[in-house]
1. Among the chymotrypsin sites (Phe, Trp or Tyr not before Pro) in the range 221-302, which ones are in a DSSP loop with at most 15 other Cβ atoms within 10 Å of the Cβ? Mind listing them?
2. Hey, got a sec? Which trypsin sites (Lys or Arg not before Pro) in the range 181-249 land in a DSSP loop and have at most 12 other Cβ atoms within 10 Å?
3. With +1 on each Lys and Arg Cβ and -1 on each Asp and Glu Cβ, and nothing else charged, work out how big the dipole of the chain is about its Cα centre, in Debye to the nearest 20.
4. Could you state the orientation-averaged shadow area of the convex hull built on the Cα atoms of the range 152-265, in nm² to one decimal?
5. Can you tell me the relative contact order of the range 83-204? Whole percent, Cα pairs under 8 Å, sequence separation 6 or more.
6. Would you please name the chymotrypsin sites (Phe, Trp or Tyr not before Pro) within the range 167-196 that are DSSP coil residues with at most 16 other C-beta atoms within 10 Å of their C-beta?
7. Apply the a/c threshold of 1.5 to the C-alpha gyration tensor of the range 83-204 and tell me whether it is rounded, prolate or oblate.
8. If a/c stays under 1.5 just call it rounded; otherwise compare a/b with b/c (prolate if a/b is bigger, oblate if not). Do that for the range 283-343, with a ≥ b ≥ c from the square roots of the Cα gyration tensor eigenvalues.
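FYI, it's all coordinate maths here, none of it is from the lab. Treat the numbers as computed from the prediction; the structure is a model and nothing was measured. Every residue, glycine as well, gets a Cβ built from its backbone with ideal geometry; the counts of neighbours run over all protein chains shown.
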Amino acid sequence: MKQLLLFSVLSLNLTLFAQKDYAKSILDTLCSDYFSGRGYINDGVEKSAEFIKNELKNIGVSNFPNQKYIQNYSFGVNTFPFDLTLKLDDSVLVAGQDYLLNANSGTAQGDFKVIEINSSNYLSVETQPSNTNTIVVFNFTDLNHKDSVNYFFGLAVKTAKYAPTIWVQKTKMMYSVGRRHYPYPMIVVDKKAYFKPKNITLKINNKYIPQYSNQNVIGYIPPAKKGLFHPEKYVVLSAHFDHLGKMGQAMFPGANDNASGVAILLSMAKYYVKNPSKYGIVFCFFSGEEAGLEGSRYFVDHPYFKLKKVKFVLNIDIMGGASKNITVVNGTKHPKIFNQMVRINQTKNYVTAVKKRGETSNSDHYFFSMMNVPAFFIYSGGEVKNYHDIYDTAENTPLTKFDEVQSLLIEFIEEL
C-alpha cells in the first residue's frame, strides 16, 4: 500500500513537472500584440475566446453536454481605438507611461489654455469655465489626507462634464474599463511627468459601443465514474481571460491579471483529461470581469447546469507569483474547508503560507457566492506588483510556485 501511495505521488509530480513551461507559453501567447490586451479593440476578447476554445479542444476537453463552448452575451463599453496625443507646451507625454485616461473619458482635440487649481487657490478659481478652449488641471499632490484628495478627485470628475480635465497623481496610476462616457476627457498624469504649462495640446477620441459582443468559454471533463450510485457533482474552476485592452497606442498585456489564471486552468485541464476526478470538472473562462464581473454574472444567471449540483467553485485570479503565499477569499466563510487546504499545504509544504480572508465582491466567485454556492477566490502574493498597467507583461510574470499551487489545488479537490 505504501509503495502504491508513493507511486501515485510520484506520478502526480511527474505529470505536473513540465506544466510551468506550458503555462509560460500561454502567457506569451495571450499577452502578445495579436490579442491587443484581450479587451474591446481589434476584437481582443473574441480572439482570446477562440484561442481558449481551440486550446481546450486540443487538450481533449469537451463542451458541456447539449451546450456550446462559447456562451455569448453583450454590454456597453467605452473605448479609445485611435492614437492619443497629450503635449504640455512642447513636451510630448507617453500614453500608458506618463498618463492614463479615465476610462469613461469623452473626446477633445486642439490647443487649450491652462487653469490650474491647487491647494492654494481652489477657493477663488471657477471649476466650470465658460471658455471652451480651456483645460482645467487639478494639482493637489501636496495633500496627504485621503478624504481631502478624494474630495478634489470627485470635483475633477464632475468638471469633465464641462471641460477637458487633468488630475495630477503622485500614487500609482491604474487603468480600467469604461462603461459610460463623459462629454470631455479626464486625464490622470503622473506627477513625475507634469509641470505647469501655458498650453496643452490634446487629441483624444473615444468610441462608445452600446452592445459589445462578449464570450464566455465553458469546457467540461466528466467524472471517472457515472451511474445510479455515483450521482454527478461538479467542481467549477474559473478564471477571467479578459483584460483592459488598449488605450490608444498603449496596450495592457494582463499577464498576472489574469493570463496566469487562464494558464493554471488550462494546465489543470491537461491533468484531468488524463486523470479524471470523482467530480465532473467544469472550466469557466469568463470575459467581462474587468468591466464589473459581467461574464460570471451572466453565467450564473444562465448556467449550463443546476447550481445546486456544484460541490465547490475555485476561482483563480492573479496567480503570477506565489513566492510569499496564496490568499483564500471566503476562507472565513468556509473555515472547515479552508482548514483542509491548510492541512494539505502543511503536509506537503507546497507554498510558504495559505492566508485566510473574508468575503469580497472583486472577482468571479462573487455571484456564485450570492447564490449560496460554496466558492473560494484564490490569488498569489509575492514579487509581482504590476497591476492594471502597461508593465503587467509575460516577461515580468515568473509564475513562481506555479506547479506547487496546481498540485495543492488538485489534492484539495480530491479531498472535497
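1. Those satisfying the criteria are Phe229.
2. Hits after loop and neighbour filter: Lys198, Lys225, Lys226.
3. Charge dipole, the chain, about its Cα centre: 1340 debye, nearest 20.
4. Computing the convex hull of the Cα atoms and averaging its projections yields 11.8 nm².
5. 44 percent
6. Filter output for the range 167-196: Phe195.
7. Since a/c stays below 1.5, the shape of the range 83-204 is classed as rounded.
8. Oblate is the answer for the range 283-343, as a/c is 1.5 or above yet b/c matches or exceeds a/b.
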